[in-house]
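The values are calculated or read from the model by the stated rules, or taken from the named source; none is laboratory data. What you see is a predicted model; the values in this text were computed from it and never measured. Neighbour counts run over all protein chains shown; Cβ positions are idealised from the backbone, glycine included. Just the protein is used for accessible areas: all its heavy atoms, side chains included, with ligands, DNA and RNA removed. Shrake-Rupley method; radii C 1.70, N 1.55, O 1.52, S 1.80 Å.
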Amino acid sequence: MLRNVKRPADAIDEQRLWRRQMELARFGARPDGGVNRQALSAEDIAARRQLIAWATARGFACSVDSIGNLFVRRAGRNPDAAPVLTGSHLDSQPAGGKFDGAYGVMAGLEALEALEDLGISTERPIELVAWCNEEGGRFPPGAMGSAAYGGAQKLDDLLAIRDWEGVTVEAALRTTLAATPEAPLRTLGGKPAAYVEAHIEQGPLLEAARTTIGVVTGIQGAQWYHVEVIGSEAHAGTAPLKTRRDALKAAMAMIAALEQLMADETDTVRFTVGRFDVTPNSTNTVPGRVLFTIDFRHPDAAVLARLGGAIEGVCRAHARGCEVHVSKTLDMSPIRFDAAIQQRIDFTAGELGLSRMAIASGAFHDAKYMNPLCPSGMIFVPCEKGISHNPVENATAGDLAAGARVLVEVLLQLAGQ
Ligand code: GLV
Ligand code: MN
Ligand code: MN
């Protein structure tokens, strides 16, 4: 009955979606209103358990793969058909917000709920995925789960990665999987029919243009590096300057030179040193070791290759007698999303009376690794003042619901009614 009077977009429940966003934000809640829910932490486990509880209460089957990607499946009429996949990530930055990643998972769940509420069956199954460790703040690189699923990284290499305290992905994963026994293990990888991810924009363009839906055209490329500078510890009061191998002064010289290398009057290059560890970090000891990270991004593969290729040389040229080890921890080429998926998102948003515009993603997303596997795309919604990776990150319930309305319609088209 309902099928004839309502389209799935009408069954998206703005209040339910908002309530769940807020409930999820309790896991890892920070006193400043933000979220610290890093990958495979106790907080991440609690969020996973909540997702499983919501999913199983609605009769959806859960499963998890060997890199910790968590799946929720709404069966289709044809169990052998490749699923349509949607989702994002539950992990956050250490000083993250309530919406980065969590929104795409909650919007996907809301889409499944809306189809269920209307009793709409689909030819293909629709699967919701919470990708493991998209942020990469605890275990570099980011988008680890989707990279393993897509075959871009080897599982064994990823399992051996250690966090800043020395805990391996493998050990953290063992604890996580033991805590979610309701989700049986499934084979890693697959070939979805299509992938669509909803996400807050994390930048200011949609808000400035007073536009609700971003039809994402692609994702710029990104590279991450660890730079380890090893000098010698010495007494701050006695060691003559010319005998010192001061790892901190060398690191500062490197960063200043890298700033020059990355200087770009068009403001397209993105260059960030986000982590800086000094050892022994003592007032009266000359620093013996510094580890700093580089995150650098650009939409053009040739520029990425040229500037990325120069990083190690610049660091060595400013080593001031210290040892330097430069290692690349992430290397993502720029991508363009499938034109037909973009058109579908654009057309559907138009049908629903929503303003929309084409937009390129400055942030990376798990959709990057789905793009080579199947037609893929992303739906952006505005976030307040474009602020993200910040506890004050915010979005309106109305915009989040609008993105979920576009998402459910597009998923239904792709899964076949
Ligand atoms: C994702 O979190 C990114 O850093 O772009
Ligand atoms: Mn994200
Ligand atoms: Mn993020």
- prompt: Across the Cα atoms of the stretch 166-274, what radius of gyration and what greatest pairwise Cα-Cα distance (Dmax) are found, in Å?
  reply: 23.5, 67
- request: Please check which bits of the stretch 36-77 a label hung off LEU188 would reach, taking the label as a point 7 Å along Cα-to-C-beta and the cut-off as backbone N under 14 Å.
  value: 64-70
- line: The base-10 log of I(q)/I(0) that the Debye equation returns for the stretch 353-417 at q = 0.11, 0.13 Å⁻¹, one scatterer per C-alpha, is -0.33, -0.46
- request: Just subtract the alpha-carbon distance of THR272 and GLN260 from 0.36 nm times their residue separation and send over the number in nm, one decimal.
  value: 3.0 nm
query: Does the stretch 109-150 classify as rounded, prolate or oblate by the C-alpha gyration tensor (a ≥ b ≥ c root eigenvalues; a/c under 1.5 gives rounded; else a/b over b/c gives prolate, otherwise oblate)?
result: oblate
query: Once both labels are modelled 7 Å past Cα along the beta-carbon direction, what's the ALA209-THR238 spacing in nm?
result: 6.5 nm
message: Can you list residues from other chains, or at least 5 along the same chain, whose modelled amide H is less than 5 Å from the amide H of ARG138?
response: ALA39
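Could you work out the longest stretch of the chain that avoids the GluC sites (Glu not before Pro) located in DSSP loops with at most 15 other Cβ atoms within 10 Å? If you can, show how the numbers build up before the last one.
Values: sites that count: GLU123, GLU165, GLU182, GLU265.
That gives 266-417 as the longest site-free run.
Taking a quarter of the surface of the convex hull around the Cα atoms of the stretch 1-128, what do you get in nm²? Intermediate values should be presented prior to the final figure.
Working: hull surface 32.7 nm².
It is 8.2 nm².
Nearest 0.05, what FRET efficiency do ASP156 and THR285 give at R0 = 30 Å with Cβ-Cβ as r?
Details: r = 39 Å, r/R0 = 1.28.
The pair ASP156/THR285 has a calculated efficiency of 0.20.
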message: Eigenvalues of the Cα gyration tensor times 5, then square-rooted: what semi-axes does that give for the stretch 269-352, in whole angstrom, largest first?
response: 41, 17, 8
- prompt: Expressed as a fraction of 2.2 N^0.38 Å, the rule-of-thumb size for a compact globular protein of N residues, what is the C-alpha radius of gyration of the stretch 232-312?
  reply: 1.36
task: Run the 1.4 Å probe and let me know the accessible area of TRP18, rounded to the nearest 10 Å².
output: 70 Å²
message: Past the 19 angstrom mark, what percentage of all C-alpha to C-alpha distances in the stretch 107-189 do you count?
response: 50 percent
query: For the stretch 333-387, what number results from the quotient of the Cα radius of gyration and 2.2 N^0.38 Å?
result: 1.21
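Rank these residues by their accessible area, most exposed first, probe 1.4 Å: VAL303, VAL381.
Numbers: VAL303 25, VAL381 0 Å².
Highest to lowest solvent-accessible surface, that is VAL303, VAL381.
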message: Considering only protein heavy atoms and a probe of 1.4 Å, how much of the accessible area of the chain is carbon and sulfur, as a whole percent?
response: 51 percent
message: If you count only protein heavy atoms and use a 1.4 Å probe, how large is the accessible surface of ARG270, to the nearest 10 Å²?
response: 100 Å²
message: Student exercise: in the chain, how many lysine pairs 8 or more apart or on different chains have Cα atoms under 26 Å apart?
response: 9
query: Using +1 on the beta carbon of Lys and Arg, -1 on that of Asp and Glu, and nothing else charged, what's the dipole of the chain about the Cα centre, debye to 20?
result: 300 debye
Rg in Å to one decimal, and Dmax rounded to a whole Å, for the stretch 304-417 via C-alpha atoms: 19.9, 67
message: Skipping prolines and chain starts, which residues have an amide H placed within reach, meaning under 5 Å, of the one on SER376, given they are 5 or more residues away or on another chain?
response: TYR195, ASP338
message: Under the rule of at least 5 residues apart or a separate chain, name every residue whose amide H is placed under 5 Å from the amide H of LEU330.
response: TRP224
- prompt: Using the Cα atoms as the points, what is the convex hull volume per residue of the chain in Å³?
  reply: 138 Å³
task: Please give the per residue accessible area of the chain, computed with a probe of 1.4 Å over protein heavy atoms only, in Å².
output: 40 Å²
message: Looking at the stretch 219-373 only, what percent of DSSP beta bridges run antiparallel? Nearest 5 please.
response: 95 percent
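Rounded to the nearest 5, what % of DSSP beta bridges with both residues in the chain are antiparallel? Let's see the in-between values first.
Details: 44 of 66 bridges.
Close to 65 percent.
For LYS249, LYS191, write out the residues from largest to smallest accessible area, computed with a 1.4 angstrom probe and no ligands counted. Mind dumping the intermediate values first?
Numbers: LYS249 95, LYS191 135 Å².
So, going from the largest accessible area down, we get LYS191, LYS249.
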